[in-house]
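What follows is one structure encoded as structure tokens, with my remarks underneath.
The values are calculated or read from the model by the stated rules, or taken from the named source; none is laboratory data. In this text, all values refer to a predicted model and were calculated from it rather than measured experimentally. Cβ atoms come from the backbone with ideal geometry, glycine included; neighbour counts cover every protein chain shown. Protein only, heavy atoms only, side chains kept; ligands, DNA and RNA dropped before computing areas. Shrake-Rupley method; radii C 1.70, N 1.55, O 1.52, S 1.80 Å.
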Amino acid sequence: PETFAFAWSAALRSDVPLNPVTGAEGRVFCSTASYFGSGEQFFALDARDGHVMWSKSYAAFSVNPPACANGNAYIQTGNHASDTWLHAYDAATGRLVYSAPHGAQWEHYFAPTPFDGKIYLNGGTYGGMYSFDALSGGQNWFLPLPQYDEWTPAVDSSFVYAYVGEYNPGLYVARRANAEQVFMIPDINFEWDGWSMRLAPVLGGHDDLIVIHDGRLIRFDLAGRTIAWQLQRNFQGQPSVAQDRIYANDGGRLVVL
């Protein structure tokens, strides 16, 4: 990173795209963004040279972006109600640690959110959020939410945060321990653009939370339980927050706020 010199590339599949990747513990984890019968796969690569350390294959409707924590790699595979799972693999060897089932229809998901020995993720037959034990796969709780896919929660020591839309759009905040909803901040300017959110909320470090939706960059004031401000431009994709700055894609330009 000091010189941004090109290090390596890995041609994993020529016929399907890849999901967003996760880098952790000297490895890069990636999966194919493919559909029924097209050879869905999950790869672990050596971060030093890009060679494949292990891989898994599935017969599923969706294979989703991975996460890594606790020495495990986590990934959701979706194949409707009776065949949708959170899988945990040993990150070094690829050994299956567990597969935990959860409710679903025909969804795609963002990468699960690991935090403090738990895994938090989008799921549910009619929409919601799950908490699983990261080491055993035991389900801790399920929180019903408006039915959207392609999102994942933000998590801190006390709360979990989900930003979802219709029919009651806004930021939902619940206790991390038991999924009790604490409050909800409405987003009255939300404009529906499909049943996929395509975002992950980002905690800002000042009792706030940042999201991008429908061209807007939005900052939620968690202490005041309101929207602090929003910029209506051409924001898209996923924001990042570091050292009191927000990094975002505004109409194809990288902007720093």
What's the local net charge at A7, with K and R +1, D and E -1, over the other residues with C-beta under 14 Å away? -2
Here the FRET efficiency for Q105 versus N70, based on Cβ atoms and R0 = 25 Å and rounded to 0.05, is 0.30
Taking H as built 1.01 Å from N, whose amide H comes closer than 5 Å to the amide H of L203, not counting residues under 5 places away? I210
Just the ratio, please: alpha-carbon radius of gyration of the stretch 30-87 over 2.2 N^0.38 Å, N its number of residues. 1.16
Please give the Cα centre distance for the stretch 97-176 versus the stretch 30-95, rounded to the nearest Å. 18 Å
Bounding extents of the stretch 1-108 in its principal axis frame from Cα atoms, largest first in Å, are 47, 32, 20
Starting from the stretch 170-249, pick out the trypsin sites (Lys or Arg not before Pro) whose DSSP state is loop and whose Cβ has at most 15 other Cβ atoms within 10 Å. R225
Could you work out how far apart the two model spin labels at D49 and Y167 are, taking each label as a point 7 Å from the Cα in the direction of the beta carbon, and quote it in nm? 5.8 nm
In nm, the gap between the two label points placed 7 Å beyond Cα toward Cβ at Y247 and S196 is 2.5 nm
State, in angstrom, two size descriptors of the stretch 67-161 derived from its alpha carbons: Rg to one decimal place and Dmax to the nearest whole number. 12.3, 37
For the stretch 123-256, what is the convex hull volume of its Cα atoms per residue in Å³? 116 Å³
Taking every DSSP beta bridge with both residues inside the stretch 149-257, roughly what % is antiparallel (nearest 5)? 95 percent
If E180, E2 are ordered by their accessible area, calculated over protein heavy atoms with a 1.4 Å probe, which sequence runs from highest to lowest? E2, E180
Using only protein heavy atoms and a 1.4 Å probe, report how much of D133 is accessible, in Å² to the nearest 10. 40 Å²
For the chain, which whole percent of the accessible surface, found with a 1.4 angstrom probe, sits on carbon and sulfur atoms? 52 percent
Calculated log₁₀ intensity ratio I(q)/I(0) where the Debye formula runs over C-alpha points of the chain, q = 0.12, 0.14, 0.16, 0.17 Å⁻¹: -0.73, -1.00, -1.29, -1.41
Per residue, how much accessible surface does the stretch 108-257 expose to a 1.4 Å probe? Answer in Å², no decimals. 45 Å²
How big is the convex hull of the Cα atoms of the stretch 183-257, per residue, in Å³? 92 Å³
How much net charge surrounds L209 when only the other residues with a Cβ under 13 Å from the Cβ of L209 are counted, with Lys and Arg +1 and Asp and Glu -1? -3
At a Förster distance of 30 Å, what's the computed FRET efficiency of R175 paired with Q232, Cβ-Cβ distance as r, to 0.05? 0.40
10 Å Cβ shell holding at most 16 others, DSSP loop, chymotrypsin sites (Phe, Trp or Tyr not before Pro): longest site-free stretch of the chain: 37-105
